[in-house]
1. Which of the residues that make up the range 13-54 are aromatic (F, W, Y) and either touching a residue at least 12 places away in the same chain (Cβ under 8 Å) or touching a Ser or Thr at 6+ places or on another chain (Cβ under 7 Å) (or both)?
2. With the requirement that a residue be in a loop (DSSP other than H, G, I, E, B) and among the hydroxyl-bearing types (S, T, Y), what does the range 55-106 give you?
3. For the range 38-54, state whether one or more residues are out of contact with any Gly (no Cβ under 9 Å at 6 or more places or on another chain), at negative phi, in the same structural domain as V12 (by TED's automatic domain parsing) and not in a helix (DSSP H, G or I).
4. When the residues of the range 25-41 are filtered to those that are surrounded by 10 or more Cβ atoms within 10 Å (Cβ to Cβ) and of a type in the set (A, V, I, L, M), which remaining residue is farthest from the chain's Cα centre (by Cα)?
Amino acid sequence: MADHHPSLFKRVWIPFFILFAITMLEFLIAFTITDPAWLTAKNWTFIVLTLFKAFYIVAYFMHLKFEKVSLAYVIVLPLGFLIYLVALMFNEGHAVKAAVASVASH
């Protein structure tokens, strides 16, 4: 029975404290940085920290860290393509908005 406690601590509590620390960092940033000049940097920080937390949760609690690398690629690569697709759609939407504005002004 004593053999299971260190394993349980490493498998559950260390990831918990890492996720807790990242969440506390997000709260600290959210409530201390109120200057509008830093809004873009604050938003990007939230996006990066949230993605890190999402990948960390997937790795530990869905046990992908302990699987073969090919299985992780099957999950991570489509997610990367999806993020790329969303970025392209935002870019295209901005271009369409600018084109409609230029046509409407003529």
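The values are calculated or read from the model by the stated rules, or taken from the named source; none is laboratory data. The model shown is predicted, which means the values in this text are computed figures rather than measured ones. Every residue, glycine among them, receives a Cβ derived from its backbone with ideal geometry; neighbour counts consider all protein chains shown.
1. F46, F52
2. If the condition is that a residue be in a loop (DSSP other than H, G, I, E, B) and among the hydroxyl-bearing types (S, T, Y), then no residue fits.
3. No, the range 38-54 has no match at all.
4. I33
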